[in-house]
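To start, the structure under review is shown below, and the notes come after it.
The values are calculated or read from the model by the stated rules, or taken from the named source; none is laboratory data. This one's a predicted model, so the numbers in the text were calculated from it and none came from an experiment. As a convention, Cβ positions derive from the backbone with ideal geometry for all residues, glycine included, and neighbour counts pool all protein chains shown. Only protein heavy atoms, including side chains, enter the accessible area calculation; ligands, DNA and RNA are left aside. Shrake-Rupley method; radii C 1.70, N 1.55, O 1.52, S 1.80 Å.
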Amino acid sequence: LSADLEMRLAALESGVKRALAQRDNPPTDPPAATNKSSSTGVGLLLASGLLADNLAGQPLVQWLDLLQQHSRATGAPARVVALANAADAKPDPIPILMRRAQTLQPLLVAALNAAGDDAGWLQRAGARLGQLVQLRAASTDQAGNAGAVQAFETALIQQDFDGVLTALSGWQGDLPDAVNKWRLAAEQRRALDAAVRATVAGLLAKAMETN
């Protein structure tokens, strides 16, 4: 995270805290419009900071604390609880997960080509040959695990995070341990991103209602 972005996020967090303090401790007999404006400003600042830190792969603890404080006045505590639960897993950001996914391709190829213990001699020989030369058809409509491997490779080339996960869901049988571990981490990241989007959408909708 660059120093400039860190400074911007720190200023944003500070602005949220000041806005929350002004809203929760207003002057005597404040104009109604002032309270509404303050609440709207807090929501927009929270949405911006939450999105920025999540995209940067930063911890969301500070935003969760501020969201909980904000939700006491505006409602929607269930959405904050869902976000907190998803954030507990502390998943890696998508760029890191995609770099790790590059190392999984040989494992999937080996698993695809490996013959079972009860396979005949010709099958085992064919599997070993396949591992050496990685013979895979170029067809775009392969079925089964061959199709899953091809879809996985295509998604990697396109840097399509959801496509990689979708490809792995098409694998029949047990995934290699390292691949399955990556899949679980990727699903945690997808769940956190979805929770962040839902929270931001709620904050923006509330801001529009206030206006």
Selection within region 142-160 - open to solvent by 40 Å² or more (accessible area, probe 1.4 Å) and within 21 Å of the chain's Cα centre (by Cα):
ALA151, THR154, ILE157, GLN158, GLN159, ASP160
Could you say whether any residue in region 188-197 is among the polar types (S, T, N, Q) and over 14 Å from the mean Cα position of the chain (by Cα)?
no
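Looking at LEU97, LEU60, LEU83, can you tell me which residue is modelled with pLDDT of 90 or more, touching a Lys or Arg at 6+ places or on another chain (Cβ under 8 Å) and either of a type outside the set (Ser, Thr, Tyr) or more than 14 Å from ALA198 (Cβ to Cβ) (or both)?
It is LEU97.
Which residue, of GLY163, GLY173, GLY202, is out of contact with any strand residue (DSSP E or B) (no Cβ under 8 Å at 6 or more places or on another chain), surrounded by fewer than 15 Cβ atoms within 10 Å (Cβ to Cβ) and either in contact (Cβ under 8 Å) with a residue 24 or more places away in the chain or over 17 Å from LEU67 (Cβ atoms) (or both)?
Going through GLY163, GLY173, GLY202 in turn, the sole match is GLY173.
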